[in-house]
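The values are calculated or read from the model by the stated rules, or taken from the named source; none is laboratory data. Since the structure is predicted, the reported quantities are computational estimates derived from the model, not experimental observations. With ideal geometry, Cβ positions are generated from the backbone for all residues, glycine too; neighbour counts draw on all protein chains shown.
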Amino acid sequence: MRQEARGKGQGTRDKGEWLDTKVGRIRPWPPSDMADTVRLNLGMRSDYCELLQYSGLSGMKTWMHYMENNGNNQTPTQEAIYEVIFGYESRAGKVFDLVLILAIFASVLAVMLDSVPSINIVYHPQLYFLEWIFTLLFTVEYGLRLYSSKSTKGYAFSFYGLIDLFSILPTYIAFSGRAVST
């Protein structure tokens, strides 16, 4: 879906032409409308450009939405989740980060307390339950990060994505080991 300019019009205001490979025809330079300009400059999908052909505020909002998201095709829900989970500048992002840090500290504290024999004897069922609550919470957080990231595969294999995965796997592996042994 690449567009190529040729003739005199390669990036100048001179008359020339450009090849719109999406529709397979040569178009005059400079582009005749906003959709042609967008198609030429950004290589956007033709169906998306059709939204830009009408004038008015809605068309501008669509254009701005595309420019802000660089064509990542995220749904508004994914964008909202992304802003909260990955964003640290918004109030919701800061609250999310604070709650996540507190949950991590509480999880570590529960595991540490469970490792003390005198506490383990008395509170093991409660601490085991807490461990599962935290694991499920972190699993949901990891799933939301995968769902909302601009590149699911990119996040899954990133340093932080692997850290998130490796932090929840031990509980699931231990649970599967207990299920097999009983």
Which residues, taken from the stretch 114-136, are hydrophobic (A, V, I, L, M, F, W, C) and either under 21 Å from residue 96 (Cβ atoms) or surrounded by 16 or more Cβ atoms within 10 Å (Cβ to Cβ) (or both)? 127, 130, 133, 134, 136
Could you list, in sequence order, the residues of the stretch 137-182 that are at pLDDT below 90, assigned to a helix (DSSP H, G or I) and surrounded by 15 or more Cβ atoms within 10 Å (Cβ to Cβ)? 171
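Matching residues to (1) modelled with pLDDT of 95 or more; (2) in the same structural domain as residue 152 (by TED's automatic domain parsing); (3) in contact with a Ser or Thr (Cβ under 7 Å, 6 or more places away or on another chain):
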{"site": "50", "(1), (2), (3)": "no, no, no"}
{"site": "60", "(1), (2), (3)": "no, no, no"}
{"site": "80", "(1), (2), (3)": "no, yes, no"}
{"site": "83", "(1), (2), (3)": "no, yes, yes"}
{"site": "87", "(1), (2), (3)": "no, yes, no"}
{"site": "94", "(1), (2), (3)": "no, yes, no"}
{"site": "98", "(1), (2), (3)": "yes, yes, no"}
{"site": "105", "(1), (2), (3)": "yes, yes, no"}
Identify, from the list 129, 134, the residue that is among the hydrophobic types (A, V, I, L, M, F, W, C) and touching a Ser or Thr at 6+ places or on another chain (Cβ under 6 Å). 134
Restricting attention to the stretch 108-131, does a residue exist that is outside any helix (DSSP H, G or I), modelled with pLDDT of 90 or more and of a type outside the set (A, V, I, L, M)? yes
Given the conditions (1) over 27 Å from the mean Cα position of the chain (by Cα); (2) outside any helix (DSSP H, G or I), every one holds for residue 74 apart from (1)
